[in-house]
Amino acid sequence: MTKVVNYISEAFEELKSNVTWPEWAEVQRLTIVVALFSVIFALATWGVDEVFAKALAGFFNWLKA
């Protein structure tokens, strides 16, 4: 158990002393970029799904006729 506690304390010390954290303004800017691309990707995925759903529905309606 002491190995786990030692590992966690060393990890926190590493985060405090050796990691270069970005400025808050950069974090906000990059968060907005990620959110925007996530929305765009979700809309693109939804659009492709709708196109394929309509194409398959049309195909199966054509087979019924």
Q. Once both axes come from the Cα atoms, what is the angle between helix 24-64 and the longest principal axis of the chain, in degrees from 0 to 90, rounded to 10?
A. 20 degrees
Q.
Taking the alpha-carbon distance from Lys3 and a cut-off under 19 Å, which aspartates and glutamates remain once sequence neighbours fewer than 8 residues away in the same chain are dropped?
A. Glu13, Glu14
Q | Extreme residue, positive dipole direction of the chain, given options Val19, Asn61, Met1 (C-beta unit charges) | A | Asn61
Q | Proximal aspartates and glutamates to Lys16, defined as alpha-carbon separation beneath 20 angstrom and excluding residues fewer than eight positions away on the same chain | A | Glu26
Q. What is the dipole size for the chain, taken about its Cα centre, with +1 at each Lys and Arg Cβ and -1 at each Asp and Glu Cβ, in debye to the nearest 20?
A. 380 debye
Q: Measure nothing but the geometry: give the 0 to 90° angle between the long axis through the Cα atoms of 2-17 and the longest principal axis through the Cα atoms of the chain, rounded to 10°.
A: 90 degrees
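Any read-out appearing in this document is the output of simple, stated calculations on the displayed coordinates, not a laboratory observation. The structure presented is a predicted model; accordingly, all values stated were derived computationally and were not measured. Because the Cβ atoms are built from the backbone with ideal geometry, glycine has one as well, and the counts that use them run over all protein chains shown.
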